[in-house]
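Asks: Below is one structure. I have some questions about it.
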Amino acid sequence: FKGTPPQLGAVGLANLGNTCYMNTVLQCLSNTTLLRSYFLRSKFLADLNRANKLGTGGKLSTAFGKLIHCLWYKRSNQDAASKPSHAQNDSDSSSPSG
């Protein structure tokens, strides 16, 4: 789907083959008001623990923040569906087996 979203947050996620379940979860998180506000205002940056050797160094939270910004502040010259590939790539690399 191309064109300008009718309102903020009215942006979907393109299915990249087998990402429909991940897209559903990301959309639910994106529409959780307090969580969305926390990421849109970049307040999460102050809470990142980049030194934790067991964590992702903030990569997963940062990717989610970028995705939230993309979903809620989509520019009119972009497609109305975003590709969640950067979120998927970061989540793959932070999984216990990755």
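The values are calculated or read from the model by the stated rules, or taken from the named source; none is laboratory data. These figures come from a predicted structure and were not determined experimentally. Methodologically, a virtual Cβ is constructed for each residue, glycine included, from the backbone with ideal geometry; neighbour enumeration extends over all protein chains shown. Accessible surface is based on the protein model in full, side chains and every heavy atom, while ligands, DNA and RNA are left aside. Shrake-Rupley method; radii C 1.70, N 1.55, O 1.52, S 1.80 Å.
Asks: Distance in nm between label sites at ARG36 and ALA10, each 7 Å beyond Cα in the beta-carbon direction?
Replies: My value for the distance between the label points is 1.3 nm.
Asks: Still on this model: ³J(HN,Hα) across the range 17-23 via Karplus (A = 6.51, B = -1.76, C = 1.60, θ = phi - 60°), whole Hz, x for Gly/Pro?
Replies: Those phi angles translate into x, 10, 9, 4, 5, 4, 4 Hz.
Asks: Largest first, how would THR19, THR62, THR24 line up by accessible area (1.4 Å probe)?
Replies: Details: THR19 0, THR62 40, THR24 80 Å².
Sorted descending by solvent-accessible area, the residues read THR24, THR62, THR19.
Asks: Using each residue's phi in the range 46-55, evaluate 6.51 cos²θ - 1.76 cosθ + 1.60 at θ = phi - 60° and report the 3J(HN,Hα) Karplus result to the nearest Hz, with x for Gly and Pro.
Replies: 6, 9, 5, 10, 6, 8, 5, 5, 8, x
Asks: Say each of ALA46 and LEU60 gets a label point 7 Å from the Cα, pointing the same way as Cα to Cβ; how far apart are those two points in nm?
Replies: According to this spin-label approximation, the distance is 2.4 nm.
Asks: Just want to confirm a number: the relative contact order over the range 28-72, from Cα pairs under 8 angstrom separated by 6+ residues, in percent.
Replies: Numbers: 26 pairs, mean separation 17.0, N = 45.
Reported as a whole number, the value is 38 percent.
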